[in-house]
Ligand SMILES: Nc1ncnc2c1ncn2[C@@H]1O[C@H](COP(=O)(O)OP(=O)(O)OP(=O)(O)O)[C@@H](O)[C@H]1O
Ligand SMILES: [Mg+2]
């Protein structure tokens, strides 16, 4: 984990430049698709802070982004607010408070219980927006207008413009990336890593892990709120499906697909999933089957996700390993798995405690 | 007048019907190496777990430096100056030795929301972590992944992580368990060095080690304190010989 090859950041930079210039040359349809990828990438990155870095598997992440999206929709449609800073602040506040509440309850548990409780609490948020008629019911609501940033009557940013939206979203993606890089390198990030690897010992060394876990939830929730704001501004539509467990699971799949515990992985995962869905949906009505098979293949052959082969030293060795894994796959499927790496490790539980 | 650093009053812990520790009242003096002996299952680890805060007692009180710490969670006690090592190696295997110690050294930072400055820029933390690594004898292994260490080295790291938090009271649960002879002596030397400016509570089965380091010894049997005294008193105690040392000799 501590030794990253320089290949990955380089690749990331190249991809970034490509992505940055794309709307100037690209087809309108694909620019829209790219915007979708960027927003999903932000959401997945925020979930990866919990899942990949702190080891907190949350199954209710869409509740944060979805609640933010609903509040934006209500402010625009019912209160006529289109001021971008106001809407953004409301999004972050909504998602932050939701994350604080869900996190406060959830961090008392871990492992499978954490999954169950985040799932249950996420569903409560789902039913709140689904059942309370104020929010628009099961069919969802269309936005009457889009967020606009205007100073003294001059429009600076109009998110209904496809290209403008794309660049705003991209800036948010880069900002999120930088923010999380900084946080993960800080002492705070070190404790989160300790929580993932050995929570009991991290606590015994003098860290109030509960507090750290809650802070991670709130930070992830705030970023998810940003993603929720962007998503509703992008599609002009929000429905209960945006915050159900199905959506949460999709984000989790994006994280696993791209590579947990990396910041680039979730973005690559979003890229892969959105493109694959688009391609497969054109091909056949059974596109979900194709997507499912792809996800299974990645999980089976690339346990570190799509970034796995790149993240390992130099990439070449990683690719070799990936091929070896492909070779060994039949054995894996039938349970003749050779001793796994984890089995060689000493017990990492809380010891005698 | 010797000063008491840690005191237990009728400390008890039950697991269902089993009384793992029952009504143990002990006073540990500052600057003294106090060993706890007892056969397997005597309740030594359970006692240490209650002192460190890893396990809540079912009854009784713990006073550290005069204050009641019975209800305090383990991380608060660690910050107050109680450090511990585990009988079963309890490290972060994915991290390097230095990073393992780093996590302990970082617990001394004021505040907890240190989210901006990169961890490696905290020179004082780095210094504490390196010092702890040096003390436990793993200086040369700073960049080695902990999972790849030998068993003995893992035991050393276990101690190093505890030292990185700069505790005043050290709770050591069988630090020599499974170590080779040479490694053992190195750790015994380390314990002697630490004894100069720390208080040690030491659980250890290695009699030679215990009698060469400890100034006071408590013998536990079946969760109860059997006898407490100087090494000489314990060596010549009839009760201890009957209950424990005899058993050792017979084995
Ligand atoms: N978490 C637990 N749940 C149930 N019983 C426990 C638990 N921990 C310890 N015990 C029991 O309590 C008793 C004391 O155990 P403890 O580990 O404190 O002994 P010990 O003196 O450290 O022994 P050893 O020398 O083998 O390490 C044992 O009978 C043990 O089985
Ligand atoms: Mg024990």
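The values are calculated or read from the model by the stated rules, or taken from the named source; none is laboratory data. Everything numeric here is computed off the predicted structure, so don't read it as measured data. Positions of Cβ are generated from backbone atoms using ideal geometry, with glycine treated the same way; all protein chains shown enter the neighbour counts.
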query = In the list B:158, B:182, B:153, B:130, which residue meets the criterion of being within 14 Å of another protein chain (Cβ to nearest Cβ) and more than 16 Å from ligand 1 (Cβ to nearest atom)?
reply = B:153
task = Kindly indicate the residue of the range B:193-211 that is under 18 Å from residue B:29 (Cα atoms) and over 14 Å from the mean Cα position of the chain (by Cα) and also nearest to ligand 1 (Cβ to nearest atom) among those meeting that condition.
result = B:211
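Pick out the one residue from B:233, B:215 that is more than 14 Å from chain A (Cβ to nearest Cβ) and touching a strand residue (DSSP E or B) at 6+ places or on another chain (Cβ under 6 Å). Full working, then the answer.
Numbers: B:233 fails: touching a strand residue (DSSP E or B) at 6+ places or on another chain (Cβ under 6 Å).
Matching residue, one of B:233, B:215: B:215.
Just to be sure before I move on: is residue B:54 within 16 Å of ligand 1 (Cβ to nearest atom) and more than 20 Å from residue B:195 (Cα to Cα) in the structure I sent?
Values: within 16 Å of ligand 1 (Cβ to nearest atom): yes; more than 20 Å from residue B:195 (Cα to Cα): yes.
Judged against the criteria, residue B:54 is a match.
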request  = State which residue is surrounded by the fewest Cβ atoms within 10 Å (Cβ to Cβ) when the search covers only the range B:133-150 and only residues that are away from chain A (no Cβ under 11 Å) and assigned to a helix (DSSP H, G or I).
outcome  = B:140
For residue B:156: the one exception among (1) surrounded by 20 or more Cβ atoms within 10 Å (Cβ to Cβ); (2) at pLDDT below 95; (3) within 16 Å of ligand 2 (Cβ to nearest atom) = (3)
message = I'd like the full set of residues that are crowded, with 18+ Cβ neighbours inside 10 Å and more than 8 Å from chain A (Cβ to nearest Cβ), limited to the range B:71-89.
response = B:77, B:81, B:82, B:83, B:85
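So, residue A:113, is that one surrounded by 16 or more Cβ atoms within 10 Å (Cβ to Cβ), out of contact with any strand residue (DSSP E or B) (no Cβ under 9 Å at 6 or more places or on another chain), away from chain B (no Cβ under 14 Å) and on the phi < 0 side of the Ramachandran plot or not?
Numbers: surrounded by 16 or more Cβ atoms within 10 Å (Cβ to Cβ): no; out of contact with any strand residue (DSSP E or B) (no Cβ under 9 Å at 6 or more places or on another chain): yes; away from chain B (no Cβ under 14 Å): yes; on the phi < 0 side of the Ramachandran plot: yes.
When the stated conditions are applied, residue A:113 does not pass them.
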query = residue B:227 fails exactly one of the following numbered conditions: (1) modelled with pLDDT of 90 or more; (2) in a strand (DSSP E or B). What is the number of that condition?
reply = (1)
key: The one condition in (1) within 14 Å of chain A (Cβ to nearest Cβ); (2) more than 16 Å from ligand 1 (Cβ to nearest atom); (3) at pLDDT 95 or above that residue B:171 fails to fulfil   = (2)
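Test residue B:19 against the criterion of being within 17 Å of residue B:225 (Cβ to Cβ) and within 12 Å of ligand 1 (Cβ to nearest atom), and give yes or no.
It is true that residue B:19 is within 17 Å of residue B:225 (Cβ to Cβ) and within 12 Å of ligand 1 (Cβ to nearest atom).
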request  = Could you check how many residues of the range B:181-205 are within 16 Å of ligand 2 (Cβ to nearest atom) and either in a helix (DSSP H, G or I) or at pLDDT below 90 (or both)?
outcome  = 1
task = Restricting attention to the range B:103-117, report how many residues are farther than 17 Å from residue B:161 by Cα and surrounded by 15 or more Cβ atoms within 10 Å (Cβ to Cβ).
result = 3
message = Looking at the range B:50-75, I want the residues that are within 17 Å of residue B:162 (Cβ to Cβ) and have a partner that is part of a loop (DSSP other than H, G, I, E, B) and away from ligand 1 (no atom under 16 Å from the Cβ) with Cβ atoms under 7 Å, at least 6 apart or on another chain. Which pairs are those?
response = B:53/B:72; B:53/B:73; B:75/A:206; B:75/A:207; B:75/A:208
